[in-house]
Amino acid sequence: MSNDSDNIKQALAQALVKVEAGGDIVITTSVIDNVTEPLAEAIKAAYAGVFTTQELAALSNLVFQATSDEKFYDWEMPTLVGYTREEMQRLGEKLRALAVL
């Protein structure tokens with residue numbers, strides 16, 4: 001998850017620099033992490049309560065069960081859910097990683 005946190009901080013830093021370049025704000029620190037770190041933590045905290053770790057684990061298990069059965073995840077499923085079997089498996093891995101936290 002630290003990679004996600006780093007991605008959030010980097011996106012926030014880029015947005016802040018862009019807004020500052022437009023003259024809307026002035027960043028008064030030479031270390032942008034002093035600004036982005038608390039913002040990233042606030043964003044993570046806001047989204048942390050969306051699903052419990054048990055719910056994330058259940059969703060991950062559902063995805064893995066669905067994609068492991070070729071009869072269930074047949075040619076029609078990508079049309080129904082919008083993701084290929086491999087993309088769903090990657091989504092299941094992401095859910096599992098979140099559930100571990």
Self-check item: Near-label residues of region 47-74 by backbone N, under 16 Å of a point 7 Å along Cα→Cβ of residue 85
Solution: 63-74
Exercise. Grab the beta carbon distance between residue 96 and residue 18, set R0 = 35 Å, and tell me the FRET efficiency rounded to 0.05.
Key: 0.55
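Grab the DSSP H runs of the chain that are 4 residues or longer, score each as -39,500 (n - 2.57), total them, divide by all residues and round the 222 nm result to the nearest 500 deg cm²/dmol. Can you show the working numbers first?
On the way: 5 runs with 73 residues, N = 101.
Taking each H run of at least 4 residues, the total per residue is -23500 deg cm²/dmol.
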Quiz item: Sorted by mean Cβ packing within 10 Å, highest first, what order do the peptides 70-82, 30-42 take?
Solution: 30-42, 70-82
Quiz item: Per q in 0.19, 0.23, 0.25 1/Å, what log10 I(q)/I(0) does a Debye calculation on the alpha-carbon atoms of region 53-100 return?
Solution: -0.54, -0.74, -0.84
Self-check item: Nearby lysines by direct alpha-carbon distance to residue 71 (threshold 25 angstrom, same-chain neighbours under 8 apart not counted)
Solution: 94
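A short reminder: the numbers here are calculations on the coordinates, not readings from a lab. The structure presented is a predicted model; accordingly, all values stated were derived computationally and were not measured. For neighbour counting, all protein chains shown are included, and Cβ atoms are generated from backbone atoms with ideal geometry for every residue, glycine included.
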